[in-house]
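Down below is the structure, laid out as structure tokens.
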Amino acid sequence: MPNPEQAAEPPSHRIVNPQGRAPLVLICDHASCIVPPGLGNLGLPDDERVRHIGWDPGTAIITECLAQSLDAPAVLAGVSRLVIDCNRRPDDPTLICEVSDGTVVPGNRDLDEAERERRRAAYFRPYHAAIAQQIEAAGERGPVPALLSIHSFTPRLRVKGEDRPWHIGVVWDRDGRLAQPLLRALRDEGDLVVGDNEPYSGRRHAGYSIFEHGQNRGLHHVMIEVRQDLVSDEAGARAWAVRLERCFRRMLVDAGLMAAATSAA
């Protein structure tokens, strides 16, 4: 029986609250586990497609909730990271991965350049064009916006077999204007193990989007990684959205991007 969510060609991205007035833009590179119908599920069973190699569970709900509660525009990728990883450089060898955390992806083996370019044109470029457009539009409505990237990480990698103890990680490189106040806000929650450039490090340029749209533009920017077992169901994701709203508001106030009175609204 066909999977209903794969019955039609998916959009490259979707936008939530495009007229949001807050001085920030939210992005979610791995919001979807959908594989376009023409790709035959990439030769994978559904249980592989829906685990962490296919997307970042919980992040779509968190991003949608934050877009509403913070009154910010959000751009969410529309296809699985197994189709094309929107958080990789367009020339990265892992942009379309053949093996991910020990799983061979048959539909990505031995692709010719024509198919790689087709996926870049259909999914990767429109998503990143939408981010650039939302940043520009937000800047026209008010101050130059900050860029917040929402990700989640698996508690344990199948291949390496290493447990990852952090509840949340803050990923950044040389610009700590958001990262430092966010680290303080998260640590002051009192019940979190917070990773500074864990489990991935911005100083090793883990990822692409915050560097392309944030660091390279001189915008305030930061990426977060929430552990997936905490947000794998809707209740957990919504609870974390409430916590992150509180921490993000404090971060924006401390960074001078939002008035303190707004944070109490």
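The values are calculated or read from the model by the stated rules, or taken from the named source; none is laboratory data. The structure displayed is predicted, hence computed values, not measured ones. Virtual Cβ from ideal backbone geometry, glycine too; neighbours counted across all protein chains shown.
A few points about this structure:
- Count of residues meeting criterion [of a type in the set (Val, Ile, Thr), in contact with a strand residue (DSSP E or B) (Cβ under 9 Å, 6 or more places away or on another chain) and part of a helix (DSSP H, G or I)] in the range 60-102: 2
- Residue that is farthest from Ala129 (Cα to Cα) [pool: residues in the range 22-50 that are free of Cβ contacts under 8 Å to residues at least 24 places away in the same chain and not in a helix (DSSP H, G or I)]: Pro45
- Any hit, the range 143-150, residues being hydroxyl-bearing (Ser, Thr, Tyr), under 20 Å from Pro57 (Cα atoms) and in contact with a strand residue (DSSP E or B) (Cβ under 7 Å, 6 or more places away or on another chain): yes
- Among the residues of the range 81-103, those that are over 12 Å from the mean Cα position of the chain (by Cα) and of a type outside the set (Val, Ile, Thr) comprise Leu82, Arg89, Pro90, Asp91, Asp92, Pro93, Leu95, Cys97, Glu98, Ser100, Asp101, Gly102.
- When the range 216-228 is limited to residues that are in contact with a helix residue (DSSP H, G or I) (Cβ under 8 Å, 6 or more places away or on another chain), not in a strand (DSSP E or B) and not basic (Lys, Arg), the one that is surrounded by the most Cβ atoms within 10 Å (Cβ to Cβ) turns out to be His220.
- Filtered by the rule that a residue be exposed (fewer than 15 other Cβ atoms within 10 Å of the Cβ), more than 21 Å from Pro23 (Cβ to Cβ) and at pLDDT 95 or above, the range 129-164 gives a lone residue, Ala129.
- A single entry from Gly190, Gly107, Gly169 fulfils the requirement of being in a loop (DSSP other than H, G, I, E, B) and not β-branched (Val, Ile, Thr): Gly190.
- Restricting attention to the range 137-160, the residues that are within 20 Å of the chain's Cα centre (by Cα), assigned to a loop (DSSP other than H, G, I, E, B) and of a type in the set (A, V, I, L, M, F, W, C) total 1.
- Residue within the range 222-243 that is hydrophobic (A, V, I, L, M, F, W, C), in contact with a Leu (Cβ under 6 Å, 6 or more places away or on another chain) and touching a residue at least 60 places away in the same chain (Cβ under 8 Å) present: yes
- Candidates Gln180, Gln134: the one that is in contact with a Pro (Cβ under 6 Å, 6 or more places away or on another chain), in a helix (DSSP H, G or I) and not β-branched (Val, Ile, Thr) is Gln134.
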